[in-house]
Structure formats: structure tokens, C-alpha cells
1. Based on this model, can you work out whether P33 counts as outside any strand (DSSP E or B), loosely packed, with under 15 Cβ neighbours inside 10 Å, within 17 Å of the chain's Cα centre (by Cα) and modelled with pLDDT of 95 or more?
2. Please specify each residue of region 137-155 satisfying the condition of being surrounded by fewer than 13 Cβ atoms within 10 Å (Cβ to Cβ) and assigned to a loop (DSSP other than H, G, I, E, B).
3. Does A169 count as among the aliphatic types (A, V, I, L, M) and surrounded by 11 or more Cβ atoms within 10 Å (Cβ to Cβ)?
4. Given (1) loosely packed, with under 12 Cβ neighbours inside 10 Å; (2) assigned to a strand (DSSP E or B), identify the lone condition not met by T43.
Amino acid sequence: MKFHATPLPGVVVVEPQVFEDARGFFMETYHAPRFAEAGIAQTFVQDNHTRSVRHTLRGLHFQVTRPQGKLVRVAAGEVFDVAVDLRRGAPTFARWHGVALSAENRLQIYIPPGFAHGFCVLSDTADVIYKCTEVYDPGGDRAIRWDDPAIGIDWPVNDPILSAKDAAAPTLESYTGDLFAYAGEP
């Protein structure tokens with residue numbers, strides 16, 4: 001397993017070791033001691049699986065009362081996955097990093113608490129599976145507008161399919177106390 005740093009401290013791209021033969025393949029998608037050695041010593045408490053159609057955009061989501069770290073991978077199809085730093089005072093506040101995740105490249109991304117997460121589907125359908133460090137808390141659930149000019153994400157889709165919640169999401173500028181304080185690098 002290889003762990004690749006990104007321009008956003010704490011956001012890590014994980015490249016699993018894949019063993020392929022005539023039968024197919026095998027790979028470990030999570031190994032607690034290896035992740036801890038790479039600085040990701042989180043306990044995961046919830047797994048989620050979503051299937052979406054081409055041009056669906058989910059996000060940018062985060063939780064304020066129970067901030068979640070997420071380990072994201074794609075089991076079928078391809079997505080463009082994005083993390084946005086929401087830690088006020090951080091040198092990388094409001095910056096984003098995106099990576100293509102697919103069943104073919106088998107990459108994963110770890111997004112720590114204090115960051116928003118979103119993705120758009122590039123294939124006909126995509127199955128996205130992600131582990132979370134906290135359980136979902138509907139009362140603390142928040143979203144930021146996917147096309148917020150203050151963030152400037154270069155999404156590979158112009159007219160995405162959005163949920164009502166994501167279509168009505170506010171801009172980053174409109175948030176005051178509902179973000180995260182910067183307490184140093186994760």
C-alpha cells in the first residue's frame with residue numbers, strides 16, 4: 001500500500017497493492033496498522049455505499065456536530081472526487097484538491113474531519129463506497145454550493161444532476177460559525 005500526500009495537509013491518496021491473475025484480483029482496501037503508520041490512525045464507525053448515474057454531483061458535504069473523516073473508493077465506474085479545506089485560519093482554507101477514482105485505477109482518498117467532500121460521476125453509473133470516522137448526524141449535516149466561485153472547483157461537468165439540498169446549498173462566504181477552527185495540521 002502506498003500513501004501519497006496532496007497539496008491539502010491530511011488529505012491522502014491511497015494506492016493499494018493489487019494482486020491479479022487469471023481469476024481476477026485481490027487487494028486490501030483498509031489495514032489499520034498500515035494506515036496508522038501513514039498518519040491515518042482513525043477508527044471507522046460507518047460504511048456507506050452510493051450508486052449514481054452519469055453527471056450526478058453529490059456535495060460539497062460536511063458535518064459540524066460530528067465531523068467525519070472519510071476513506072473513499074469506487075467499486076464500479078469512475079468519479080471525480082474532491083476535498084475542500086474548511087478549517088478557518090488554515091493556510092489552505094477554501095482550497096480544493098480533486099482526483100479521479102475508478103474501479104480501474106483502484107485509488108482511494110482519505111479526507112480528514114474539517115474538510116468538505118463531493119464527487120461527480122464520469123461513467124454511465126458509479127458505485128462509491130466510503131468509510132466514515134463518525135456516524136451520520138442529520139442535525140449537523142451541512143453543504144456548500146458545488147460551484148461556489150470562492151472555491152473555484154474545476155468540475156469536469158457543466159450541468160450536473162443535483163439533489164434539492166445540493167441545488168439550494170449556500171456559498172462558503174455565508175457560513176459564519178458553522179465551520180472548523182484550524183488547530184494545526186492533521
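1. Answer is no for this residue.
2. Across region 137-155, the qualifying residues are P149, A150, G152, D154.
3. Considered against the rule, which asks whether it is among the aliphatic types (A, V, I, L, M) and surrounded by 11 or more Cβ atoms within 10 Å (Cβ to Cβ), A169 comes out as yes.
4. (2)
This table checks each residue for (1) part of a strand (DSSP E or B); (2) surrounded by 19 or more Cβ atoms within 10 Å (Cβ to Cβ); (3) not acidic (D, E).
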residue: N48; (1), (2), (3): yes, no, yes
residue: G59; (1), (2), (3): yes, yes, yes
residue: T65; (1), (2), (3): no, no, yes
residue: V74; (1), (2), (3): yes, yes, yes
residue: D81; (1), (2), (3): yes, yes, no
residue: F93; (1), (2), (3): no, no, yes
residue: A100; (1), (2), (3): yes, no, yes
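Here's the yes/no breakdown for (1) touching a Ser or Thr at 6+ places or on another chain (Cβ under 7 Å); (2) not aliphatic (A, V, I, L, M):
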site: K70; (1), (2): no, yes
site: R88; (1), (2): no, yes
site: F93; (1), (2): no, yes
site: A100; (1), (2): no, no
site: L107; (1), (2): no, no
site: Y110; (1), (2): no, yes
site: G114; (1), (2): no, yes
site: S123; (1), (2): no, yes
site: R145; (1), (2): yes, yes
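The values are calculated or read from the model by the stated rules, or taken from the named source; none is laboratory data. In this text, all values refer to a predicted model and were calculated from it rather than measured experimentally. Glycine also receives a Cβ, built like all others from the backbone with ideal geometry; neighbour counts cover every protein chain displayed.
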